[in-house]
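For reference, the structure discussed in these notes is given below.
The values are calculated or read from the model by the stated rules, or taken from the named source; none is laboratory data. Predicted, not measured: the structure shown is a model, and the values here were computed from it. So basically every Cβ, Gly included, is an ideal-geometry build from the backbone, and we count neighbours across all protein chains shown.
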């Protein structure tokens, strides 16, 4: 079997103008990896060789960094005079390029979910002082075989600005169709250039068309600088006005009218669909809506975005009508819950102890109590409700940091409940 370094090469899975990507095996971890190998001739090119080597060095600098559920992880790198390769997480579903034409568009809700996840991943990158600079459908990967569901991962940080632009900026890289006016003018850049590029990606995923389509790169660059795009709904009548507004704000030529940061962008995406959450069946709620709901709960205020995505992954969302007992007093518990919508009553021997409202958790003693912990009260729905259920077995699959934040939040909840009980006793 052919090898490069310690890695066994299984087969070619892609190639571009400067490199070939292979599916490989790490013999130590026995995991599949993607290995991007630069063409040897490219490195010796007298005009562009140093540029290509710089792009590989950029990716090599990210080994062990940018650990986020929606960013492709870089495991290893070798950058030498005659050999450059990057070892990355292998993602199975292909890129979004195949869903960028009018005949293969994804549902609108799925597009919004994908873009929302990108905003969170790129916000995480900004916190590490990294600007991607080459956001396009070909650099956004689908996880799994079903493009209408599942996660995405952003790849290819070769063109990224890492740290000070004065130290790392390389001109002449990127894809003109997705470049911001500031990028095509070769001005100083910040994260808002990626906001513009993601706006272009959203436009294309919604409509199957690029906002600007020139006869050549020079024509396209002229339009990017001087022309205004049609609204996405021009191409597709079922696109709501709120998404027209979001896309065009992200793509605004003027920096002071573009989204100031990724959280503003993501917040508007979440608001665009917030009105429908209470009426949609639980199995129709997208991951980004689940994320946004959990992020709004005080319980999760100390959780990182990556940890909340873990919670989304392990949680089961459902609804119950009024008058249903969710937890039975005395039964052994194997899960805990969060109330998303509606009201619940807490009963002990038929007497009501408390009313639970959205954002509150219950049943947590199944996790923080002794094994085979029994429920201490009945929990009954007062109204139609929406619930998040997390099984103890799934909870144990989360990262140690995520579980630590759960335990800290549980202790805070228990402390507040004890304080409330003491207040009632004193009042009584």
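Taken over the stretch 294-333, the residue count meeting the criterion of being touching a helix residue (DSSP H, G or I) at 6+ places or on another chain (Cβ under 7 Å) and part of a helix (DSSP H, G or I) is 12.
The residue of the stretch 32-44 that is surrounded by the fewest Cβ atoms within 10 Å (Cβ to Cβ), among those that are in contact (Cβ under 8 Å) with a residue 12 or more places away in the chain and not in a strand (DSSP E or B), is 40. Residue 72 meets the stated requirement of being within 30 Å of residue 211 (Cα to Cα) and surrounded by 19 or more Cβ atoms within 10 Å (Cβ to Cβ). Considering the stretch 55-65, the residues that are in contact (Cβ under 8 Å) with a residue 60 or more places away in the chain and in contact with a strand residue (DSSP E or B) (Cβ under 7 Å, 6 or more places away or on another chain) include one that is surrounded by the fewest Cβ atoms within 10 Å (Cβ to Cβ), namely 61.
When residues in the stretch 374-400 are screened for being surrounded by 13 or more Cβ atoms within 10 Å (Cβ to Cβ) and within 22 Å of residue 67 (Cβ to Cβ), 3 of them pass. Taken together, the criteria place residue 356 among residues that are surrounded by 15 or more Cβ atoms within 10 Å (Cβ to Cβ) and free of Cβ contacts under 8 Å to residues at least 24 places away in the same chain.
If the condition is being over 22 Å from residue 321 (Cβ atoms) and either over 25 Å from the mean Cα position of the chain (by Cα) or not in a helix (DSSP H, G or I) (or both), then the stretch 382-416 contributes 391, 396, 397, 398, 399, 410, 411, 412, 413, 414, 415, 416. For the condition assigned to a loop (DSSP other than H, G, I, E, B), surrounded by 16 or more Cβ atoms within 10 Å (Cβ to Cβ), at pLDDT below 95 and out of contact with any strand residue (DSSP E or B) (no Cβ under 6 Å at 6 or more places or on another chain), residue 190 does not qualify.
When you look at residue 173, is it at pLDDT below 95 and in the same structural domain as residue 261 (by TED's automatic domain parsing), yes or no? So residue 173 fits the description; yes.
Say we look at the stretch 334-353 and pick out the residues that are in contact (Cβ under 8 Å) with a residue 40 or more places away in the chain and out of contact with any helix residue (DSSP H, G or I) (no Cβ under 8 Å at 6 or more places or on another chain); which of these is surrounded by the most Cβ atoms within 10 Å (Cβ to Cβ)? In this case the residue turns out to be 344.
For the stretch 37-53, does any single residue satisfy the condition of being closer than 30 Å to residue 126 by Cβ and under 26 Å from the mean Cα position of the chain (by Cα)? The answer is no; no qualifying residue exists.
Residue 82 passes all but one of (1) at pLDDT below 90; (2) surrounded by 17 or more Cβ atoms within 10 Å (Cβ to Cβ); which number fails? That leaves (2) as the condition not met. With the requirement that a residue be closer than 20 Å to residue 104 by Cα and surrounded by fewer than 16 Cβ atoms within 10 Å (Cβ to Cβ), what does the stretch 237-267 give you? Correct list: 237, 238, 240.
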